[in-house]
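Single-structure report; data block below.
Values quoted throughout were computed directly from the atomic coordinates according to the rules given, and no laboratory measurement underlies them. The structure displayed is predicted, hence computed values, not measured ones. When we count neighbours, we look across all protein chains shown, and the Cβ atoms used for this are built from the backbone with ideal geometry, even at glycine.
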């Protein structure tokens, strides 16, 4: 009995082109006569089948030959290039938030806990964008959705540095997240619908995610020169000496210890507080100093807009090709027809829900943890270890570089290892690196941090795409299933940063290390639980194979 709903369709024999632990069972999967494709539908879908046959027959052809001879593949390949670029833009825009978080905090004059809500706002918007995009996806041109998502990223990138009001800053980050969610959902759906019959779909998918890492690597480097410079103790001493010299005749002797008390401070509020212990007649000079410092502060702060304008320009340039595709590339989108070819044996509902729960929970924890790496790690090393913001920005870039290398390695390793095995190997190394980073931060061992943090970036890079591919072994990753995975990921991204920011602001910054270590341990456990479920599904399918064979023998 055929079901039209994507989630209820269930299943989960992977397509022939996606390697899985159960490929040997695909050829013998039983489809009843009632579910057989009618002859007229076979005739209607000849073009889709020809594409699948071409994908198989062309595996021995070079990429160049396919681009020259196959017009359909050539259009899809061009689309894939622009999807890679859009993924790179996403990485660029998201990677920019972490290094600039402290500057955005200064722009809005808020506390760290409140500033950490900028990250949460992005993923509140992402959740909204994912839901809205999924709801209207079948009613709109998917390339128009991608165009609108990229445009929203560009508009918000241009506006954020000028949003000095906290409420406006929150609104801009929600709108940015909304564009992120629309672009991510529509982009993934377009990719799956066009490449689901390509034998090298895993390599194409890892390449798209690689570009996200490349964008995240380059963004902090490009942003670092525009960050507000830290005020050194030497500059502060010169400021204080000049103030004392100019106001010697008005300062009482009893006020001098108060000034000397804040000699090494870089917080101007402490300077102002100390000067208030002087004679009341000196308050006029103190106010003048405060005004001059505020003017210098605004001049340093305003430089950040240049980095965000670069992001806006990149977004607007990339939006143009997708706007053109709205009118020229509709024929490559054949999701409705290709759905009829995804006839797979159905799993029991309890197994489907168990798998979906595990995968959604894993993605929620993974995304929440990854987002704290690029969003709060710079703040963590500045506050906990006393690093400069520029140094924190550089180690964030190193994390993104290793993240990109991990994605690059997965393009080649994924051809030899199944997604489940690749994930198990990488999550083991990730947990060891996480423990090493935790110990290094506990004992302020800087070299250990520079070693283990990039290793974590390398291993965590394969988690998100591997989960999608592994889920495809059990459930059809399209429609409701794909939306649920992305919603779970966005929920994790919403909750984890604000929780860690609250604990860092009200307790101790080491809570960042405590929470992320706990996340890593839970993810490691879940991978092995999913492995157990995978073995159970394999046994179940073997039983189904035997049963189907007996039915075929009896019917013959």
(request) Provide the FRET efficiency to the nearest 0.05 for the residue 391-residue 528 pair, computing r from the beta carbons and using R0 = 35 Å. (result) 0.45
(message) Neighbour counts of other C-beta atoms within 10 Å: give me 75, 407, 111 arranged from fewest to most.
(response) 111, 75, 407
(request) Taking the Cβ of each residue in 378, 108, 441 as the centre, tally the other Cβ atoms inside 10 Å and list the residues starting with the fewest. (result) 108, 441, 378
(request) List 504, 434, 228, 442 from most exposed to least, where exposure is judged by having the fewest other Cβ atoms within 10 Å. (result) 442, 228, 504, 434
(request) State the extension gain, in nm to one decimal, for the chain segment bounded by residue 64 and residue 445, taking 0.36 nm per residue of separation less the distance between their alpha-carbons. (result) 132.2 nm
(request) Just subtract the alpha-carbon distance of residue 166 and residue 435 from 0.36 nm times their residue separation and send over the number in nm, one decimal. (result) 93.2 nm
